[in-house]
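Structure, as structure tokens:
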Amino acid sequence: MTFSFFDAMPPVIGHRGACGHAPENTIASFQKAIKFGVRAIEIDVMVSKDNQPVICHDTSVTRCTDGNGPVLLKTLDEIRALDAGSWFSETYKGQQIPTLAEALDFSKINNLLVNLEIKPTHGWQVPTAEKVCADLPALLSDNQQILISSFNEDCLAVASKLLPNHPIGFLTDILPPDWLRRLKAVNAASFHCHHTFATAENIKAVKSEGYKYLVYTVNDPDDAKRLLDWGVDAVITDYPDRMLPLI
Ligand code: G3P
Ligand code: MG
């Protein structure tokens, strides 16, 4: 299956918005990405205690808010009451953890492509993926595709089954020996790995099987240039401002 998402996908994707410059996975971070000219962002999603999808990287709120404890043990109201900006800088005091709906509304209004990474608490992989995938159709515009990725293959299997019209990204650190079988098993359209494990040879191998190849988290423009020269389709970066001059 071919996906229009990849026709529009730019070679630079802002990681958690532009998280080198603003508190990750907040609307302020997405706004910063847009200010730099970014056309696609990667964001992380998990669910709250009351099963509401929220945009957050860590399974705990401790690092990136003024609260503490697992996201999965807090209601949406409790999560929304947290300050998700001050830990980064006082400038961002009052930023909230966005809901999935809020993040996708922002993406639609601003014509941003989204790579949504499903980031479940271990043991809550399937319930997380099922809820996110159940909510997505009502949150997206007609014909809007998003790239759904995860390190967890159970999550990808759920996404592939429930949302076959959206591309699936197989997320890993390193290319596993049995990568082709595993990409096929979850109907992946793209392969995403840590940039230190990308080689000219494995990029060629993966792409020759028809998969897009994305790398994270590339913050050095020299690395980005080399990887793009080797044929990666996109670099995911905390500092899109450093990478956009390359393209
Ligand atoms: O999706 C790319 C990258 O975000 C994966 O790692 O831990 O930053 O979510 P992480
Ligand atoms: Mg991520």
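What to note about this one:
- Furthest towards positive pole of dipole, Pro245, Tyr211, Cys193, structure part the range 178-246, Cβ charges: Tyr211
- Computed [θ] at 222 nm, deg cm²/dmol, the chain (DSSP H ≥ 4; -39,500 (n - 2.57); rounded to nearest 500): -9500 deg cm²/dmol
- Protection proxy ranking, peptides 83-94, 27-38, 204-215, average beta carbon neighbours within 10 Å, highest first: 27-38, 204-215, 83-94
- Measuring between their Cα centroids, the range 109-144 and the range 150-169 lie 10 Å from each other.
- For the residue pairs Lys32/Lys131; Lys119/Lys225; Lys131/Lys204; Lys161/Lys207; Lys131/Lys225; Lys49/Lys108, the alpha carbons lie more than 32 Å apart in Lys131/Lys204; Lys131/Lys225.
- DSSP finds beta bridges in the range 39-172, and of those with both partners inside it, around 30 percent are antiparallel.
- Overall size of the chain from C-alpha positions, given as principal axis extents largest first: 48, 38, 33 Å.
- Computed from the C-beta positions of Ala101 and Arg226 and an R0 of 30 Å, the FRET efficiency is 0.20 to the nearest 0.05.
- Rounded to 5, percent antiparallel among DSSP beta bridges of the chain: 15
- Leading residue at positive end of dipole, the range 1-112 (Cβ point charges), from Thr62, Phe6, Gln52: Phe6
- Relative contact order (%) - the chain, alpha-carbon pairs under 8 angstrom, separation at least six: 19
- Using the Cα coordinates of the range 1-70, the gyration tensor eigenvalues translate into equivalent-ellipsoid semi-axes of 26, 17, 8 Å, sorted from longest to shortest.
- Projecting the Cα atoms of Thr99, Leu156, Ala129 onto the charge dipole of the range 89-196 (Cβ charges, centred on the Cα centre) puts Leu156 farthest toward the positive pole.
- If the convex hull is drawn through the Cα atoms of the range 137-179, its volume per residue in Å³: 80
Laboratory data are not the source of any read-out in this text; all were calculated from the coordinates shown. Since this is a predicted model, take the numbers as computed values, not measurements. Every residue, glycine among them, receives a Cβ derived from its backbone with ideal geometry; neighbour counts consider all protein chains shown.
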